[in-house]
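The values are calculated or read from the model by the stated rules, or taken from the named source; none is laboratory data. Just so it is clear, the structure is predicted and the values come from calculations on it, not from any experiment. Here the Cβ is made from the backbone with ideal geometry for all residues, glycine too, and neighbour counts use every protein chain on show.
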Amino acid sequence: MTDILPPIIVSPTAPTGDTADLAGFATDIDLDRVPAGAIFRATWTFRNNGPTTWDRRYRLVYAAEGHPETAGFPLSAMGATSSSFDDLGATEVVRPGESVSLTLTFTAPESAGTQATSWQLAAPDGSRFGPVRWLRAVVVARPGSLSYDVLSFRNTAGDFNQLQPGRQFNGIWTIRNTGRRVWSGDFHVAYVDAPVADTSATPRDPMGSQPVYTLPQVSGRDSIAPGETVEIKFDLVAPLPTGAYAFHWQLESVDGEPFGGIRWLRIGVTSSTPAGDSGGQKPAGTPAVEFGMNINPEAHGLDVDMLAGLTWIRWVYWASRLKLSPEEAYQRKYRSLIQTYAAAGIRSLIILHQDTEWGNAPWDNGGWEAYAETFARACGRVAAVCSEFGDKVAYQIFNEQDSGPDNHSAIGIAAENYAIVLDRAQAAIRRAHPGATVVIGGLNTGPDNAVRYIRDVQAALDGRLPVDALAIHPYGRYVKKILFNYGSIGKLSDSLNKLNRAFPDLPLWITEIGVASDSPIGPEHYADIEVYIREVVDEVADHFAEAVPVLIWFGWTDLMRNAGILTADGRPKPHVFDAFVHMRERSKIPLEGLESLIAGLESLDLSRAEYVSFATTLDNHNAVPAGTTFTNTWRFRNTGTTTWGEGYRLVYVPDGAASDSFGAATEYELAAVTSPMPLPPKGETEIVLTMTAPAQFGRVYHSRWQIRDPEGNAFGHLFAEITVTAAPTSGTGARAAGMTFVRDQTVPDGTIFVAGTDFHKQWLVRNTGARHWGSGFRLVFIQGDVQMARGATAHMVPDARPGDEVILSIPMTAPPTRDGRKTGFNSLWRLQDDHGAFFGDPVWAKIFTTGSVPIVDGQPPAGQGSALGRLINDPTAWYSQLDGRWSGVNVGHGAQRIEAWGCLLTCMAMTLTAWGVRLNPQELNTRLLLEGENGFVGSNVQFIAPTKVLTGLNQGVNLRSFEDSNIPDTQWTGENPIARIDNALAAGYIVLAQVDVKPNNGLFDSNIEQHWVIIVQRTPLGDDYLILDPVVAADQVRDQPRSLMLKYGNRIAGQTKEENLRQAIKSTLVYWM
């Protein structure tokens, strides 16, 4: 088919041959940790997308040739056997468009390592078809194969009971491998924040160590065979405060299995000042309060120079709020932030709460057990990526969770529920980041309520309180100066004393205190605020340093509830900034304590690196063809006191299976890849690496590097991540794919259909290239009206050898008319090969639709005068929640935005517009804020909300599709849910349907999989509904209605049309007048 020659119409011929596509995968075991000899099951679900019907003679057979993802790994059937559908318990037949799930039972090998297996469908004649399915199982050895003996221990500090504060020294253990396994370079040595019997009464401290080392980092050895001896050497630093301290570590296998017990050392830190010579001052070991500042990385930039001198910054880790994974948020936003401040000696207290993981929103729907698991996983993932910064990072679990509903900046959580969340989150953090500090969420309802809340949490955990510090937000508490109406709140000292008496064994952190207001605070108050800040800072530093080791002010700019040290545009406030400078100075070590550190001053001669910028020669790091050579450039600033020169190195740090050095050497002299060098303090330099994308495509790879000083201490971190795609096939000797259009097989250009009519558009084409069209080839939508193809933008093509003629086929539905008049539609398509390259002639479909809608299963068309009729025929009433005009607006009173949480709100806006009250999602959001809890609870819009906007509008119950379904906020009345939908459509009512955005995973999580659409019509065959979907891109909003079943359904073999529809629709709401 070309633009020059008109198509020739011939009688249709049916395509032949079996084809299949993957529709799901599940297993009953963690494939990254399969015990040796374990029996487990894996299930693959296949969709029949060909013209043939599969019966019980079809088989799932072992594919000995494997799959690209199994290359390089031992391949076997792992005890499973090729079996017929009958043997696997499948349904009697699987018709075109239906799916079947096939389960195999495997037995893991007895030896450790990664084992792969691959399988494929086979027809009765033995011919195999469809995608090769595979899995890789990481088999871990049985217990008992790992052990060692300690032969000796020594340290380089001399008298370890008389160490000076800040003294650097080494702890060295000599051990022998007495087990049966070789210790590889992927084994780990981990800091352990847990005592043994000999250290139970001694405070624990990481002494400057990293949370986790690879075995080569502390031993210099890549492999230790059974019987061999090795030294484990730690570079340690004595803590600054005087006292006794213990350090603990443990060996772990490549699978994270600890073995050999916990090793430990104990030291005593003493002052160099002679006893009795303090001159009446505080002893040198008396701790100084660590002061900090609350910042908002989403609202203002980095202000390192002004904040330098503080010990802490505190900020919220946004992940799910930004629709990012914890890892994506870390790499895109927070890694450079942590590193920049850490290079200036400032630590990060990271708040983990609902913006980190929204979960199933149990604050509205219940389900705290489920949320605790989901939230804990997110916390563990945050801690895993942040662990590279050691004690430069600490974690706080939620914020002001003791609040009531009037605090719109926080989510209130009952103590018994918070206990579950806290316990699981802290455990996940400590597993991923051993030694990390975990702080309870800051409490803001006063000392009496705080004590009661903490004790209730403790009671729910059987007396445990699994945190390293408590935290409060004593807003309004004063020393002498009383601001505004603070006099009725009480003195700061009273609050601190109550908390300290109630929990004397836990330090108390003030993680927020300040002068905040929802309305601007005028400059006439700045002088009084200065006095207030100074008094609070001095009170804590002079009288509560033992009990309150940390105070973090709120906040840095006026973008944070008008409480800033700076104005909203970043200018220092008169008087207020002077008080901040005073606090910053008090954050420094007291002068009397400096004399005791003279013997350890060498520990302050540190190498530090501040990340400045990154550049790459890649056009798109998310699509890098295998084998591509590229150059990455990192710019760093020397923020330490040493000159980078001889002995400084750049070292690749392996980090899991997806880690790769990208073809570069694994270690360089820093001067070989860095210019200029040597680099004095305050200088800037660029590190340049030429890299090559790995050969194995279809994966995301990352590469971690460290800048190390001559002693091997890591002080700078580099990171790169790419997604590798298939290498291009063009060039000398490459076989090219080609296609020539022959003729239209069905539906000639200009065919007229009644809106909603289903049809198949088919083209006869010839393979005129040199390549065989296989499973990776697709027919892909290019431009036009994608709604014709029911929203599906890619379709599989038949296998075709060079010279073969085959039929390309796409199921389509005639879109609705515009303004009730005859309307033309077209869509353009092209073939794409398995490397993503387009080839061959373009093909297209061109049709007209009319407004006459046939009766479907007794369902008459919606009248033009009904709300549904107006909605179908007025595309200006169709809204996208992704529209940039309102996508960033917060939904209701909560933190979620319309783009992520506004599907139901957007459907309601379309509903009201159809009934004559034209409101877009932003306008409806603003209107419903006036309706109290009838409008929103947090970010959740209420089902009754539209009836508060339009008098006379009625709302039906949220009817779930099955009586025994566990769908929050639904009812079961016994009414047939499909009949209810059809009756409502026939009456011209508006039907909102809750669907599952991941229909093939066998689960429904109403937090991450819930979505709402509007149903507008049942298709002529009765096996589908057409929908308006608020999550379509804004520029595609008129490419509707679309198919419900193609996007949110899963046609199961052996089930009726109604059953498949009920499975796709979780619940429905009906609005009528």
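At-a-glance table
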read-out: Residues located in the range 309-328, provided they are in contact (Cβ under 8 Å) with a residue 40 or more places away in the chain and not β-branched (V, I, T); value: G309, L310, W312, R314, Y317, A319, S320, R321, K323, S325, P326, E327
read-out: Complete set of residues in the range 745-793 that are among the charged types (D, E, K, R), surrounded by fewer than 17 Cβ atoms within 10 Å (Cβ to Cβ) and either farther than 30 Å from Q1017 by Cα or in contact with a Phe, Trp or Tyr (Cβ under 9 Å, 6 or more places away or on another chain) (or both); value: D749
read-out: Looking only at the range 29-81, and only at residues there that are among the aromatic types (F, W, Y), in contact with a Ser or Thr (Cβ under 8 Å, 6 or more places away or on another chain) and modelled with pLDDT of 85 or more, the one that is farthest from I807 (Cα to Cα); value: F40
read-out: Test for A383: is it crowded, with 18+ Cβ neighbours inside 10 Å, within 26 Å of A460 (Cα to Cα), modelled with pLDDT of 85 or more and touching a His at 6+ places or on another chain (Cβ under 6 Å); value: yes
read-out: Failed condition for V182, given (1) within 15 Å of F259 (Cβ to Cβ); (2) surrounded by 17 or more Cβ atoms within 10 Å (Cβ to Cβ); value: (2)
read-out: Filter result (touching a residue at least 40 places away in the same chain (Cβ under 8 Å) and not in a loop (DSSP other than H, G, I, E, B)) within the range 292-305; value: G292, M293, N294, V304
read-out: Matching residues in the range 528-548 - criterion: being surrounded by fewer than 19 Cβ atoms within 10 Å (Cβ to Cβ) and outside any helix (DSSP H, G or I); value: A545, E546, A547
read-out: Whichever residue in the range 428-447 is part of a helix (DSSP H, G or I) and in contact with a helix residue (DSSP H, G or I) (Cβ under 7 Å, 6 or more places away or on another chain) and, among such residues, is nearest to E369 (Cα to Cα); value: A428
read-out: Within the range 329-339, considering residues that are touching a residue at least 60 places away in the same chain (Cβ under 8 Å) and closer than 12 Å to C386 by Cβ, the one surrounded by the most Cβ atoms within 10 Å (Cβ to Cβ); value: Q339
read-out: Residue match in the range 794-810 (condition: surrounded by 15 or more Cβ atoms within 10 Å (Cβ to Cβ), closer than 26 Å to R870 by Cα and of a type outside the set (A, V, I, L, M)); value: no
read-out: Looking only at the range 503-523, and only at residues there that are more than 24 Å from I350 (Cβ to Cβ) and crowded, with 17+ Cβ neighbours inside 10 Å, the one that is modelled with the lowest pLDDT; value: I521
read-out: Subset of the range 925-974 that is in a strand (DSSP E or B) and at pLDDT 90 or above - its residue that is farthest from Y989 (Cα to Cα); value: F936
read-out: Close pairs from the range 1050-1073: first under 17 Å from I1014 (Cα atoms), partner basic (K, R) and outside any helix (DSSP H, G or I), Cβ under 6 Å, at least 6 apart; value: S1067/R960
read-out: Qualifying residue in the range 158-172 (condition: at pLDDT 80 or above, within 34 Å of the chain's Cα centre (by Cα) and either surrounded by 13 or more Cβ atoms within 10 Å (Cβ to Cβ) or under 29 Å from S659 (Cα atoms) (or both)); value: no
read-out: Residue match in the range 40-61 (condition: part of a strand (DSSP E or B) and loosely packed, with under 14 Cβ neighbours inside 10 Å); value: yes
read-out: Among (1) closer than 21 Å to L551 by Cβ; (2) of a type outside the set (K, R); (3) surrounded by fewer than 20 Cβ atoms within 10 Å (Cβ to Cβ) - the single one V439 does not satisfy; value: (3)
read-out: Criterion (within 26 Å of E357 (Cβ to Cβ), under 27 Å from the mean Cα position of the chain (by Cα) and either not assigned by TED's automatic domain parsing to the domain that holds T817 or not basic (K, R) (or both)) met by exactly one of G935, G902; value: G902
read-out: Of all residues in the range 175-189 being at pLDDT below 90 and not in a loop (DSSP other than H, G, I, E, B), the one that is nearest to the chain's Cα centre (by Cα); value: H188
read-out: Candidate set: the range 344-374, residues that are more than 23 Å from S409 (Cβ to Cβ) and in contact with a helix residue (DSSP H, G or I) (Cβ under 8 Å, 6 or more places away or on another chain); chosen: the one surrounded by the fewest Cβ atoms within 10 Å (Cβ to Cβ); value: E369
read-out: S809 being assigned to a loop (DSSP other than H, G, I, E, B), within 22 Å of N48 (Cα to Cα) and either at pLDDT 80 or above or within 36 Å of the chain's Cα centre (by Cα) (or both); value: no
read-out: Selected residue (criterion: surrounded by the most Cβ atoms within 10 Å (Cβ to Cβ)) from residues of the range 549-600 that are small (G, A, S), modelled with pLDDT of 90 or more and assigned to a loop (DSSP other than H, G, I, E, B); value: G564
read-out: Hey, T178 polar (S, T, N, Q), outside the structural domain of L215 (by TED's automatic domain parsing) and out of contact with any Leu (no Cβ under 7 Å at 6 or more places or on another chain) or not; value: no
read-out: Residue ID - surrounded by the fewest Cβ atoms within 10 Å (Cβ to Cβ), chosen from residues in the range 98-118 that are aliphatic (A, V, I, L, M) and within 30 Å of I1052 (Cβ to Cβ); value: A116
read-out: Residues satisfying the stated conditions in the range 1011-1047, i.e. assigned to a helix (DSSP H, G or I) and either buried (at least 24 other Cβ atoms within 10 Å of the Cβ) or in the same structural domain as A814 (by TED's automatic domain parsing) (or both); value: L1044
read-out: Positions within the range 448-477 being within 11 Å of S495 (Cβ to Cβ), part of a loop (DSSP other than H, G, I, E, B) and not aromatic (F, W, Y), in sequence order; value: H473, P474, G476, R477
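Each row is one residue, and each column tells you yes or no for (1) within 18 Å of E327 (Cα to Cα); (2) not in a loop (DSSP other than H, G, I, E, B).
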residue	(1), (2)
F375	yes, yes
R381	yes, yes
S387	yes, yes
D391	no, yes
S403	no, no
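Residue-by-condition table, conditions (1) modelled with pLDDT of 95 or more; (2) more than 30 Å from W249 (Cβ to Cβ):
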site	(1), (2)
I411	no, yes
H433	no, no
T445	no, yes
R464	no, no
A469	yes, no
I472	yes, yes
K480	no, yes
G487	no, yes
G490	no, yes
